[in-house]
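The block underneath contains the structure these notes are about, expressed in C-alpha cells.
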Amino acid sequence: MTSKLNIFLLILMLTVSCKKDCKTIAEWNIQNYTIKKLKCPDMVASDYFKYSVYVNNKRKGSSAVKKDSCTFTWQAENDRFLTLDICNNKVFEKTPNKIGLDFKMVDSILIYSNSKSKSKKLTPEQIRKFTTDWNKSQTRGYSEKPFDSAFYFYPAYQYKLTLFSESKIKEFYGYNYLILDKNNWKYEMDENRSLEYFNEYWNN
C-alpha cells in the first residue's frame, strides 16, 4: 500500500511541476527586441534558467545565449544570427554568404575520415552529386564554435572535405547530412536528412 501511495505522490508532483509556468526574473529591451530571463521548473531536478527573445510580445526563435554582462547571441532564424548588445543598444546581424559550386570547375575533392585517419578522392559522379546537393542545400544556422569542432557531437566532425578548383582550395566539415562552410554556417545536404549521407561518399 505504501509503495502505491509513493508512486501516486510522485506522479502528482510531476504533474504539478509540469503545469507550473516559467517566471520572468529579469528583462532587457534593445531596439525592437525584449530579452527575458526565465526561471522554469524541472520535473525532477532543480529549476533552470533560459533567455527568451520577444518581438511585439511574441516569443521568437530559440533561446538566446548570454555571453557576458552586455551581450547575448541569438539564432533568430536559420539564416539570421544576431548579437544583441544591451549596454550600447546595438544589434549585429550575420547572414550566410553561400557561394555556389560549378561542377565543371572542380578539379577534385578529397574526403578525410576523422575516425579512420585516412583520405581518398571522390569519383566524378560523387563530385557531381556533391556540387548539386551543395547548391540546393538550405541553411541550418550559425555555429559559434571553432571551424573544426562546430558540431555538438562527438567526434567534432565525421569527414573533412577539401575541394580543389583552379588553384583555389575550399574546406568543409561534414556530420551525418550536415555540412559546415568556412564561415561557420551549417547546411542540410540531404532533404531526407539521412544520417548516412556522408558515410555513403566514403563507403562507395
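Counting only residues that are crowded, with 20+ Cβ neighbours inside 10 Å and either within 20 Å of Ser143 (Cα to Cα) or aliphatic (A, V, I, L, M) (or both), region 183-204 holds 5 of them.
Against the test of being closer than 20 Å to Lys104 by Cα and modelled with pLDDT of 90 or more, the options Lys168, Lys186, Lys160 yield a single qualifying residue, Lys168. Of all the residues in region 49-75, those that are in contact with a Phe, Trp or Tyr (Cβ under 9 Å, 6 or more places away or on another chain) and of a type outside the set (Ser, Thr, Tyr) number 10. Quick check on Asn89: is it in contact (Cβ under 8 Å) with a residue 24 or more places away in the chain, surrounded by 13 or more Cβ atoms within 10 Å (Cβ to Cβ) and over 21 Å from Glu171 (Cβ atoms)? So Asn89 fails the test.
Of all residues being out of contact with any strand residue (DSSP E or B) (no Cβ under 8 Å at 6 or more places or on another chain) and not in a strand (DSSP E or B) in region 165-182, which is surrounded by the fewest Cβ atoms within 10 Å (Cβ to Cβ)? Just the residue, please. Top of the filtered list is Ser167. Inside region 106-146, residues that are hydrophobic (A, V, I, L, M, F, W, C) and within 27 Å of Gln75 (Cβ to Cβ) make up a count of 2.
Suppose the filter is within 23 Å of Lys94 (Cβ to Cβ) and touching a residue at least 24 places away in the same chain (Cβ under 8 Å); does Trp134 pass it? Working first, answer last.
Values: within 23 Å of Lys94 (Cβ to Cβ): yes; touching a residue at least 24 places away in the same chain (Cβ under 8 Å): yes.
Considered against the rule, which asks whether it is within 23 Å of Lys94 (Cβ to Cβ) and touching a residue at least 24 places away in the same chain (Cβ under 8 Å), Trp134 comes out as yes.
Residues are listed down the side, and each one gets a yes or a no for (1) in contact with a helix residue (DSSP H, G or I) (Cβ under 9 Å, 6 or more places away or on another chain); (2) surrounded by fewer than 16 Cβ atoms within 10 Å (Cβ to Cβ):
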{"residue": "Lys39", "(1), (2)": "no, yes"}
{"residue": "Val55", "(1), (2)": "no, yes"}
{"residue": "Thr71", "(1), (2)": "no, no"}
{"residue": "Thr131", "(1), (2)": "yes, no"}
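Could you check region 109-118 and list, in sequence order, the residues that are at pLDDT 95 or above and surrounded by 13 or more Cβ atoms within 10 Å (Cβ to Cβ)? Hits for region 109-118 are Ile109, Leu110, Ile111, Tyr112, Ser113.
Looking across Ser3, Ser62, one residue alone is under 23 Å from Lys186 (Cβ atoms) and modelled with pLDDT under 90. It is Ser62.
Can you name the residue in region 86-137 that is more than 23 Å from Glu188 (Cα to Cα), assigned to a loop (DSSP other than H, G, I, E, B) and assigned by TED's automatic domain parsing to the domain that holds Ser194 and, of all such residues, is farthest from the chain's Cα centre (by Cα)? Among them, the one singled out is Asp107.
Regarding Phe151, is this residue at pLDDT below 95, of a type in the set (Phe, Trp, Tyr) and not assigned by TED's automatic domain parsing to the domain that holds Ala26?
Values: at pLDDT below 95: yes; of a type in the set (Phe, Trp, Tyr): yes; not assigned by TED's automatic domain parsing to the domain that holds Ala26: yes.
Against the criterion (at pLDDT below 95, of a type in the set (Phe, Trp, Tyr) and not assigned by TED's automatic domain parsing to the domain that holds Ala26), Phe151 qualifies.
Go through the residues of region 38-52 one by one and say whether even a single one is at positive phi and at pLDDT below 95. Lay out the reasoning, then the answer.
Residues of region 38-52 at positive phi: none.
No - not one qualifying residue is present in region 38-52.
How many of the residues making up region 53-66 are more than 17 Å from the chain's Cα centre (by Cα) and closer than 17 Å to Gly141 by Cβ?
As a first pass, look at region 53-66 and keep what is more than 17 Å from the chain's Cα centre (by Cα): 53-59.
Add one more test, that the residue is closer than 17 Å to Gly141 by Cβ, and what stays is 53.
Within region 53-66, residues that are more than 17 Å from the chain's Cα centre (by Cα) and closer than 17 Å to Gly141 by Cβ number 1.
The values are calculated or read from the model by the stated rules, or taken from the named source; none is laboratory data. Source: prediction; values computed, not measured. Heads up, the Cβs are rebuilt from the backbone with ideal geometry, glycines too, and the neighbour counts pull from every protein chain shown.
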